1. Checking the table Lys31/Lys59; Lys91/Lys173; Lys88/Lys162 against a 27 Å threshold on Cα-Cα, which pairs fail?
2. How much of Leu30 can a 1.4 Å solvent probe reach, expressed as accessible area in Å² and rounded to 10?
3. Ordering Cys68, Cys150 from largest to smallest accessible area (1.4 angstrom probe), what's the sequence?
4. Express in Å², to the nearest 10, the accessible area of Trp73 obtained by rolling a 1.4 Å probe over the protein heavy atoms while all chains stay in place.
5. Using only protein heavy atoms and a 1.4 Å probe, report how much of Asp44 is accessible, in Å² to the nearest 10.
Amino acid sequence: MLEAELVKGLISKDVKIFEEFVDVYSIDILKTISYVLRQSQDKDYIEECFDDVVMQVLKKIETFKFECPFRNWVMCIAKNKALDYKRKIKKYYNEVELCEQISENKSAEDEYLNEEIPKEFSGIINMLLEEEKNLFIKKYILDISTKELCEYYIVSENALYKRLSRLREKLKKLWENRDCSKEDIYE
């Protein structure tokens, strides 16, 4: 089938032409995607990326101007979509690594608190319960968004705002009573 007929058939949403497009180009699209997403953690996303490439081709088919071979145009879409996936996957794994590092490596938080925040306030933060301290660090030091915190703690925004409000009140109270010991505060 000629490229012009294939493009016209895809524009008119002809099912037989679509099936032929998938039969003819699927192997090349998968090879292109697999080349870009060749690392082990990326392989789970190849099929999803393939579906997105096909959807992108159908969405953009009317913009094809026959300035280059149709195959090249499709492979360019496949490569760009795979690169988008690669960036998203890399960002996701970097965020997961950071979260794991935060949860596993408490000493890094303690170092930051001891070096960057005045020692007096650091002592106040260390008087918080572990869960409160983690929330404080995530929200006010790591600057994690409210939406992400809601997903992490599996609570509504309203509930998270109440927790943060109680945390600020507790910090204020601890600051005012900073000469007291931790045991005195939690009695």
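1. On the way: Lys31/Lys59 21 Å; Lys91/Lys173 39 Å; Lys88/Lys162 32 Å.
Flagged as over cut-off: Lys91/Lys173; Lys88/Lys162.
2. Solvent-accessible area, nearest 10 Å²: 70 Å².
3. Working: Cys68 55, Cys150 15 Å².
Most to least solvent-accessible, the answer reads Cys68, Cys150.
4. Using a 1.4 Å probe on the heavy atoms, I get roughly 40 Å².
5. Rounded to the nearest 10, that gives 130 Å².
The values are calculated or read from the model by the stated rules, or taken from the named source; none is laboratory data. What you see is a predicted model; the values in this text were computed from it and never measured. Heavy atoms of the whole protein, side chains included, go into the accessibility calculation; ligands, DNA and RNA do not. Shrake-Rupley method; radii C 1.70, N 1.55, O 1.52, S 1.80 Å.
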